[in-house]
Amino acid sequence: MIKPSNEQSSNNRRYRALIAVFDKALDSIIKKDCSLSHFNDAFPQLYRDNPTFLSDARLKLINAFQTSTTNEFMELVEQLDLANLLNSLDQLPQTEDSQPMEPTTIVAAHVNQVASIEKERLETQLSQDIEENRLLQAEVAQKITLLNDLTNATKSMYEKVLPEFQTALR
């Protein structure tokens, strides 16, 4: 379960709701897909031979899944600055005749911004990958040249030593 910091959770109902939805979804996935009966059905021999080991392995898997999923989610929340974005929505003044914003409206309002941030991140990663690939290609070309030079040197020495060796054998 995610515990938002006091700074993030104070007067930020949308952020708290996001965290609650994430926690509920994670719990639901674990209850549905990681039940002990699923594990027992998936590994019947292990269940018969050593049920304690299977149960312990299940708990370790659930713990690792929760930890990694929560860390990735919080990293995404941080990268996209969702706490501040959601907090800014909470700060919007509401007039008496205005209706609260629907979640789909909020999502639609930020989709382009989020997509733009992700596109920029992916373009940066692509540029880095292209540069790394170029450097690796240059390294491979150098090694091929070195290998060719060594092969030619070996052939030259072989051609030079072979007649001398054959003469010595006669």
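Quick note: the coordinates plus some simple rules give every number you see, no bench work behind them. It should be emphasised that the depicted structure is a prediction, and the values quoted were computed from it without experimental measurement. With ideal geometry, Cβ positions are generated from the backbone for all residues, glycine too; neighbour counts draw on all protein chains shown.
The table below lists the values:
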| quantity | calculated |
| --- | --- |
| Gaussian network model of the chain, Cα within-10 Å springs - most flexible of Asp41, Asp56, Asp149 | Asp149 |
| Structure-derived Kirkwood radius over Cα pairs in Å: which label, when the choices are (1) 22.3; (2) 22.9; (3) 31.1 | (2) |
| Degrees between helix 51-79 axis and first principal axis of the chain (Cα, 0 to 90, nearest 10) | 80 degrees |
| Length released on extending from Asp56 to Ile130, taking residue separation times 0.36 nm less the Cα-Cα span | 22.3 nm |
| Angle in degrees between helix 13-33 and the longest Cα principal axis of the chain, rounded to the nearest 10 | 60 degrees |
| Net length gained if the chain between Gln79 and Thr67 were fully extended (0.36 nm per residue, minus Cα distance) | 2.5 nm |
| Cα centroid separation - the stretch 64-87 against the stretch 111-170, whole Å | 40 Å |
| Percent RCO, i.e. relative contact order, over the chain, from Cα pairs under 8 Å lying at least 6 residues apart | 24 percent |
| Ser88-Glu123 FRET efficiency (beta carbon distance; Förster radius 22 Å; 0.05 resolution) | 0.25 |
